[in-house]
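S.K.: Here it is, the structure, as structure tokens.
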Amino acid sequence: MPERIHMPFRVALAMIWNYVKVKVSEQVKAVAFIIFYLVAFKIIVLNTAPDNILQISAGVGLVVFGLTFFLEGLFLGLMPLGERVGVQLPQRSTIYMIVVFGLLLGLGSTLAEPAISALRLAGITATPWETPLLFRMLEVETDNLILAIGGGVGVAVAFGMVRFYFGIGIKPFIYTLVPLLVGVSAMFSRDENLANILNLAWDTGGVTTGPVTVPLVLALGIGVSRSASRQESTTSGFGIIALASLFPVMGVLALGAWLNPSTPLPVTASVFFSQENRASALKLVSSERELQNIAFQRGNEAARRAFFANELNYETALKDLADPEKRHKFLGRQSLDEWLRQRASSSERALVAIELSGKPKSGKIEKNQVPELLKNESKSAVRAIVPLVLLLLFVLLVILRDKPRKTDEVVLGILFALVGMAMLTSGIRLGLAPLGDQVGRPLPQVFRSETHEEGRIILEPFDPGTVLTAFSQNGVPGRFFYLRDRSGVPNPVPFEPSRFDRQTRRYEHIVERPPLFGPELTMVGIALVFLFAFGMGYGSTVAEPALSALGTTVEELTVGTVQRVGVVRTVSLGVGIGLLAGVARILYHIPMIWLLAPAYLVLLVLTWFSEDDFASIAWDSGGVTTGPITVPLVLAMGLGVGGELKVVDGFGIVAMASVFPIMTMLVYGIIVQMRQRQILQADGEGSHEE
């Protein structure tokens, strides 16, 4: 045995500190641009500071440290296990065993992806009356949805192993899967329930290919390629990520088709919450209590009135909102201010304001939910990572009768992965998702040409004697009064007599936000929104570590023919265009199939003219771009924009951010091939002349 090296405690501590500092700084660099970009846009363009800045800052901090721990855990724990199994399993077992293991590996790695938690979080935006099937899949059948996505990845890995084993190119799979998926999507778009899950289904293709799935699957694929002696292609390991982006789409579509016959059709909110529809509503919601919560947290006044069907019970419930002890059973984690601003009607605000005015202000501090959140996310991390570790250990110890090297490092890595994932997913919920929503919801204000209601203030008691009169240059009188803003500065605001109740001496002031660029500059606002979307996509992708790794790998495998910088810029350009297209889809209510069908038709044509090796690289690049930072922010932003514009769902942006990088990479590959032919042709003519 080699002799152990004894090191002074201070020296060891200094080495660990320097190592940690380097690793944390890497994640700070990866996260810094997109966070700074969103905050700067919100402050400079939207002219508002982020809400709950302490919570968002804490969430971003958790994301940074969570990513550091998680990726280090992958490197120390999961990756060595995956690589050891990937190298030895193809040599010691049959293709059938490899296919079964690929199925299980794909499923297990998908469950361990941090971005899956962002998909779970997105369920809070769906409503059971507008999009009943989407709501059912995200809220009721969540586990089945995750299994459908993971099963799709598992099937993709199994097909990828078969492809590597028999040396089959990527093109036959592309020309089979893509037309099938687009055709099924076109059929689903004609059904009012199934049409609402298309955006979700295509988004899952980008969510699945993250930092867990990609390295483990590639390790197994390279092992199969080597054991089958198929090394004639320098890029034989590529292409499997493309399959892992397409098969989950089919899995979600299949789940939707299975659930659709037993799912109610879309109706209005008042019909859904009515007593006559209660039996149908309880097919989607587990209890009356949960139905009540949905009516308050996602519905409007008509939904709440229909739920109670009794004016006295309805008013009693509204009065209970003024009581902090009873409020949580209606609003859950949502604050009363947020509910009043986003969900309540004018009459509901007035009733709650009257009730609040009769109650003394409570000095009680609400329960801190962060420890509970960390506890829940820790349980989720254990459920996600432990099964994957057990699968790898079972294959390694029982089937291959081997054991991992450096067991202490592997154990430490698994612990790091568990801690990192708990911190990362908690940070997504506390920081990234709220920040994306805060930028997404006000985004339509940039191009709106009319004033937009931002909130309401109840002034009680209001003295009409404070109202003044001002005249325009044409002699038209207008009444106003002074209202202090948050900083205490008095500002003149218009007085509307219809909003003043003389009996209660209560006045309701509507806080309005004027158009940012005036009513005549709408096109400038739209251009600014598109510029923002493109900049967010391009800038965040340039900083994506996985893309840099892909570019380096491609440069090495092509012996410098394809430069890393070219790959990074080309893919980033595609993501920027994709986010622009995704935002345009939401803003203009464009059906998803109208964008998918032409885009994939172009991809099929470009793939036909591309060499098989570069086609594999290009199709893989679409999955590499959607990492654990980009997905939560993009999802939250899209859902926020959709919620503000009353779009039934804001999914689809991630799908667009995965399609266009493939397109730009295929075009880039064709250009590189043409240049290579020209160089070879010029060299041939030169040697012929000699």
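S.K.: Which of the residues spanning segment 394-437 are under 30 Å from Leu633 (Cα atoms) and β-branched (Val, Ile, Thr)?
M.R.: Hits for segment 394-437 are Ile414, Val419, Thr425, Ile428.
S.K.: Still on this model: So Leu601 ticks every box in (1) surrounded by fewer than 18 Cβ atoms within 10 Å (Cβ to Cβ); (2) modelled with pLDDT of 85 or more; (3) outside any helix (DSSP H, G or I) but one. Which box is left unticked?
M.R.: Against the list (1) surrounded by fewer than 18 Cβ atoms within 10 Å (Cβ to Cβ); (2) modelled with pLDDT of 85 or more; (3) outside any helix (DSSP H, G or I), Leu601 comes up short only on (3).
S.K.: With respect to Gly169, is the statement that it is more than 30 Å from Ala281 (Cβ to Cβ) and at pLDDT 90 or above true? Walk me through it before giving the result.
M.R.: Values: more than 30 Å from Ala281 (Cβ to Cβ): yes; at pLDDT 90 or above: no.
It is false that Gly169 is more than 30 Å from Ala281 (Cβ to Cβ) and at pLDDT 90 or above.
S.K.: Can you pull out the residues in segment 285-301 that are out of contact with any Phe, Trp or Tyr (no Cβ under 8 Å at 6 or more places or on another chain) and either at pLDDT 90 or above or part of a helix (DSSP H, G or I) (or both)? Spell out the reasoning first.
M.R.: Narrowing segment 285-301 to residues out of contact with any Phe, Trp or Tyr (no Cβ under 8 Å at 6 or more places or on another chain): 285-290, 294, 298, 300-301.
Correct list: Glu288, Arg289, Glu290, Ile294, Glu301.
S.K.: To continue, here is another question. Just for segment 604-634: of the residues that are part of a loop (DSSP other than H, G, I, E, B) and crowded, with 20+ Cβ neighbours inside 10 Å, which one is farthest from the chain's Cα centre (by Cα)?
M.R.: Initial filter on segment 604-634 (part of a loop (DSSP other than H, G, I, E, B)): 609-611, 625-629.
Of the ones still in play, those that are also crowded, with 20+ Cβ neighbours inside 10 Å are 610, 625-629.
Values: Ser610: 31, Thr625: 12, Thr626: 9, Gly627: 9, Pro628: 8, Ile629: 8 Å.
This residue is Ser610.
S.K.: Among Phe69, Phe33, Phe75, which is modelled with pLDDT of 75 or more, closer than 28 Å to Arg333 by Cβ and among the aromatic types (Phe, Trp, Tyr)? Talk me through it step by step, then tell me what you get.
M.R.: Details: Phe33 fails: closer than 28 Å to Arg333 by Cβ; Phe75 fails: closer than 28 Å to Arg333 by Cβ.
None of the others qualify; the one that does is Phe69.
S.K.: For Ser270, all conditions in the list (1) under 21 Å from Ala344 (Cα atoms); (2) free of Cβ contacts under 8 Å to residues at least 12 places away in the same chain hold save one; what is the number of the exception?
M.R.: (2)
S.K.: Here is a follow-up. Among the listed residues Thr541, Thr522, identify the single one that is polar (S, T, N, Q), modelled with pLDDT of 75 or more and under 25 Å from Tyr37 (Cα atoms). Break it down stepwise before answering.
M.R.: Working: Thr522 fails: modelled with pLDDT of 75 or more.
The unique qualifying residue is Thr541.
S.K.: When you scan segment 81-91, how many residues do you find that are surrounded by fewer than 20 Cβ atoms within 10 Å (Cβ to Cβ) and modelled with pLDDT of 80 or more? Break it down into steps so the answer makes sense when it comes.
M.R.: Step one: list which residues in segment 81-91 are surrounded by fewer than 20 Cβ atoms within 10 Å (Cβ to Cβ), which gives 83, 87-88, 91.
Okay, now just the ones that are also modelled with pLDDT of 80 or more, so 88.
Residues flagged as surrounded by fewer than 20 Cβ atoms within 10 Å (Cβ to Cβ) and modelled with pLDDT of 80 or more within segment 81-91 amount to 1.
S.K.: Consider only pairs whose beta carbons are under 7 Å apart and that are at least six residues apart or on different chains; among these, list those whose first residue lies in segment 315-327 and is free of Cβ contacts under 8 Å to residues at least 60 places away in the same chain and whose second residue is surrounded by fewer than 14 Cβ atoms within 10 Å (Cβ to Cβ) and among the small types (Gly, Ala, Ser).
M.R.: Between residues of segment 315-327 that are free of Cβ contacts under 8 Å to residues at least 60 places away in the same chain and residues that are surrounded by fewer than 14 Cβ atoms within 10 Å (Cβ to Cβ) and among the small types (Gly, Ala, Ser), the close pairs are Pro324/Ser362.
The values are calculated or read from the model by the stated rules, or taken from the named source; none is laboratory data. Treat the numbers as computed from the prediction; the structure is a model and nothing was measured. Cβ atoms come from the backbone with ideal geometry, glycine included; neighbour counts cover every protein chain shown.
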